[in-house]
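Asks: Structure below; questions to follow.
The values are calculated or read from the model by the stated rules, or taken from the named source; none is laboratory data. Since the structure is predicted, the reported quantities are computational estimates derived from the model, not experimental observations. Counting neighbours? That spans all protein chains shown, and the Cβs are built from the backbone with ideal geometry, glycine included. Note: areas computed on protein heavy atoms with side chains; ligands, DNA, RNA excluded. Shrake-Rupley method; radii C 1.70, N 1.55, O 1.52, S 1.80 Å.
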Amino acid sequence: MRIGIVCYPTFGGSGVLATELGKALAQKGHQVHFITYRQPVRLDGFIPNIFYHEVQVPTYPLFDYPPYETALASTLVDVIKNNNLDLLHVHYAIPHASAAYMAKQILKKEGKNIPVITTLHGTDITLVGRDKTYAPVVTFSINESDVITAVSESLRNDTYRHFSITKEIEVIKNFVDVSRFSRKPIDAFKKMIAPNGERVLMHASNFRKLKRIPDVIHIFKEVNDKIPSRLMLVGDGPERPPAEDLCRELNLCDEIRFVGKQEQMEDILAIADLFLLPSETESFGLAALEAMAAGVPVVTTNAGGLSEINIPGETGYMGDVGDVKTMGQQAIKILRDDEVLKKFKVRAATHARKYDISNIVPQYEKLYERFL
Ligand code: GMT
């Protein structure tokens, strides 16, 4: 099949998922065309049947806001026509679903039908998409998609709750390439972060408010008061400066390391003992699944789709949003004893295998085959 994929090219979960899906489809012999404004971060190396088309957004003195959606729709028309694509799969509704709708209508006039699959990822529904400045367009373009998928049951239910959706939303859960995350820890790296064998706690995100970075730090403090530990904060975003202030305030600067955006998550996760994700909302929590795949148990909130992937007492524990005391105690329970920790690590890795890329990608292929 010749498949067009539209996504954000950034470190965010939707972009990561879309890129990994495209790579896996290409490996299975499909021709995959990525259409976005920058080379996706996980699209590294040369793969013969993957093509990347950059959306150019020319500016003009009149434009305070360059019209990306128009540029994307025009690029889609061009790429679909010139490469004779069979279907278009867009990830994250805003503005990808409406740009796809526009491209579909233009092509229809020219006698070409291009099926559009929209995958909803999270904040496009639970946060940004609900804003009344976007909601009518989001609702319309989701309803106009030929197929709608959501990455968790929770997101599916949220979508029905927040928007007037007239179509079936199918759930295809996120996936992880387990083989990629089955790395041995690099000893020198572990020694640098935890020179005296301290436990290594980790969090990775885009440091937005909803990730509740202060909660990550407070949970870490609970743990570090009882068990010598280190915290690695991976990623970057608007909440980093206040987080640095909080570390200073709590006198934890020597124990907490901000390492910025990182591409080699598999090597970083390999040295972790526990992953923290105390988000306010999380449609799925791909970062937590990647941690589990690397054999790292997780302590998360029970928000959104997190309760679909984190099994309390098996892969980790869950607490209510903001309940840092409970999540701190849960973390201690996992980390206190070597044997207990080992069991959590094994169970987390075993559980992640259910979400291996080899189990989930065929679900997307099956969905695409409906249009052949
Ligand atoms: O977590 C983010 O803020 C990034 C966001 C994105 O769209 O890139 O992630 C969302 O999609 C991921 C992949 O499906 C999910 O694993 C995340 O849970 C979801 N984020 C939220 O719902 C907050």
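Asks: Please enumerate the residues belonging to the stretch 163-187 that are without any contact (Cβ under 8 Å) to a residue 60 or more places away in the chain and open to solvent by less than 60 Å² (accessible area, probe 1.4 Å).
Replies: Phe163, Ile165, Ile169, Val171
Asks: Looking at Pro362, is it without any contact (Cβ under 8 Å) to a residue 60 or more places away in the chain and assigned by TED's automatic domain parsing to the domain that holds Lys28?
Replies: In short, yes.
Asks: So which of Ile80, Ile106, Ile94, Ile114 ends up being on the phi < 0 side of the Ramachandran plot, under 26 Å from the mean Cα position of the chain (by Cα) and of a type outside the set (S, T, N, Q)?
Replies: Ile94
Asks: Here is a follow-up. Is one or more of the residues making up the stretch 319-326 within 15 Å of the ligand (Cβ to nearest atom), on the phi < 0 side of the Ramachandran plot and not charged (D, E, K, R)?
Replies: yes
Asks: Ok, one more. May I ask you to list the residues in the stretch 269-290 that are in a helix (DSSP H, G or I) and open to solvent by 10 Å² or more (accessible area, probe 1.4 Å)?
Replies: Matches in the stretch 269-290: Leu286, Ala287, Glu290.
Asks: Here is a follow-up. If you check Val223 against the conditions, is it in contact with a Ser or Thr (Cβ under 6 Å, 6 or more places away or on another chain), of a type in the set (A, V, I, L, M, F, W, C) and not assigned by TED's automatic domain parsing to the domain that holds Leu87?
Replies: Here the answer is yes, as Val223 does meet what is asked.
This table checks each residue for (1) outside the structural domain of Asn302 (by TED's automatic domain parsing); (2) in contact with a Gly (Cβ under 8 Å, 6 or more places away or on another chain); (3) modelled with pLDDT of 95 or more; (4) among the small types (Gly, Ala, Ser).
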residue	(1), (2), (3), (4)
Asn49	yes, yes, yes, no
Tyr68	yes, no, yes, no
Leu72	yes, no, yes, no
Asn82	yes, no, yes, no
Leu87	yes, yes, yes, no
Ala97	yes, no, yes, yes
Val116	yes, no, yes, no
Gly122	yes, yes, no, yes
Ser154	yes, yes, yes, yes
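Asks: Which numbered condition in (1) open to solvent by less than 40 Å² (accessible area, probe 1.4 Å); (2) modelled with pLDDT of 95 or more; (3) assigned to a helix (DSSP H, G or I) is the only one that Val32 fails?
Replies: Among (1) open to solvent by less than 40 Å² (accessible area, probe 1.4 Å); (2) modelled with pLDDT of 95 or more; (3) assigned to a helix (DSSP H, G or I), the lone unmet condition for Val32 is (3).
Asks: Being in a loop (DSSP other than H, G, I, E, B) and more than 25 Å from His351 (Cα to Cα) is true for just one of Thr133, Thr118. Which residue is that?
Replies: Within the list Thr133, Thr118, the selection yields Thr133.
Asks: Right, another one. With the checklist (1) among the small types (Gly, Ala, Ser); (2) in contact with a helix residue (DSSP H, G or I) (Cβ under 7 Å, 6 or more places away or on another chain); (3) open to solvent by 10 Å² or more (accessible area, probe 1.4 Å) in hand, flag the one item Ala135 doesn't pass.
Replies: With respect to (1) among the small types (Gly, Ala, Ser); (2) in contact with a helix residue (DSSP H, G or I) (Cβ under 7 Å, 6 or more places away or on another chain); (3) open to solvent by 10 Å² or more (accessible area, probe 1.4 Å), Ala135 is out only on (2).
For every residue, the table says whether it meets (1) of a type in the set (Val, Ile, Thr); (2) within 29 Å of Met1 (Cα to Cα); (3) at pLDDT below 95.
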site	(1), (2), (3)
Ala287	no, no, no
Met292	no, no, no
Ile309	yes, no, no
Lys325	no, no, no
Gln329	no, no, no
Lys333	no, no, no
His351	no, no, no
Asp356	no, yes, no
Ile360	yes, yes, no
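Asks: Scan the stretch 117-132 for residues that are open to solvent by less than 70 Å² (accessible area, probe 1.4 Å) and more than 9 Å from the ligand (Cβ to nearest atom) and jot them down.
Replies: Ile117, Thr118, Val128, Gly129
Asks: Additional query: Do you know which of the residues in the stretch 203-236 that are charged (D, E, K, R) and within 16 Å of the ligand (Cβ to nearest atom) is surrounded by the fewest Cβ atoms within 10 Å (Cβ to Cβ)?
Replies: Here the residue is Lys209.
Asks: Could you grab me the full set of residues in the stretch 138-158 that are over 21 Å from Gln363 (Cα atoms) and either in contact with a strand residue (DSSP E or B) (Cβ under 9 Å, 6 or more places away or on another chain) or open to solvent by 60 Å² or more (accessible area, probe 1.4 Å) (or both)?
Replies: Phe140, Ser141, Glu144, Asp158, listed by residue number.
Asks: Quick check on the stretch 58-97: of everything there that is surrounded by 22 or more Cβ atoms within 10 Å (Cβ to Cβ) and part of a loop (DSSP other than H, G, I, E, B), which residue is nearest to the ligand (Cβ to nearest atom)?
Replies: The selected residue is Tyr92.
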